[in-house]
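So the structure is just underneath, and the comments pick up after that.
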Amino acid sequence: MPLASVLFLPVYAEDRQPLGAILGAQLIKASKGEINDGNYSDLHFNRCAAIEKYLGFTDDPLGRAIEYSCKGLVIGITLYAGKDLGKHPPEKIAQHFKNELEKHFMTSEVFIKHNHEYGSAMAFFINGETYEYN
């Protein structure tokens, strides 16, 4: 499988909703009405503070990538490494993305979930907001 084929479709959870929609819904629910569908300012402009206040950061590759992206002008990346990577080790793929972003003066960190049972995917986070691909 070519490396580039990992990059082009939205990441979906088992219920087939995009990851960004799931995280937004979790924030709205956890805020108990302080954030609502009509007031997205906390979801977009103060997203990291809202995540920290209402959900917290989980101690898994996804949570660590989100938290990392909230620490400054950086990109947090979650790599879900499935068996479909073939002979390409996840660490090599992670380093490739870090190197490519560095060429464009962007700092990033990749957090790997090994042996992902649903195939490989990546989620990119900037300021707590997700940009997903698989």
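None of the figures in this text is laboratory data; all of them are computed from the coordinates on show. Just so we're clear, the structure is a prediction, and the values are computed from it rather than from any experiment. FYI the Cβ positions are ideal-geometry reconstructions off the backbone, even for glycines, and counts take in every protein chain you see.
A compact table of results
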read-out	value
Considering only the range 44-134, percent of DSSP beta bridges that pair antiparallel, nearest 5	60
Table column - 3J(HN,Hα) (Hz), the range 59-73, Karplus curve with 6.51, -1.76, 1.60, x for Gly and Pro	8, 9, x, 5, x, 5, 5, 5, 4, 4, 5, 8, 8, x, 7
Vicinal HN-Hα couplings computed from phi for the range 121-131 (Karplus, 6.51 cos²θ - 1.76 cosθ + 1.60; Hz; Gly/Pro x)	7, 9, 10, 9, 10, 10, 6, x, 9, 9, 10
Per-pair calculated FRET efficiency, R0 = 22 Å: Tyr118 and Gln95 via Cβ, rounded to 0.05	0.40
Amide H partners (placed H, <5 Å) of Gly82, local residues excluded	His116, Ser120, Ala121
Karplus-derived 3J(HN,Hα), 6.51/-1.76/1.60, for each residue of the range 115-120, Hz, glycine and proline x	6, 5, 6, 9, x, 7
Greater than 29 Å apart at Cα, pairs in Lys29/Lys71; Lys53/Lys87; Lys29/Lys83; Lys71/Lys113; Lys71/Lys92	Lys53/Lys87; Lys29/Lys83
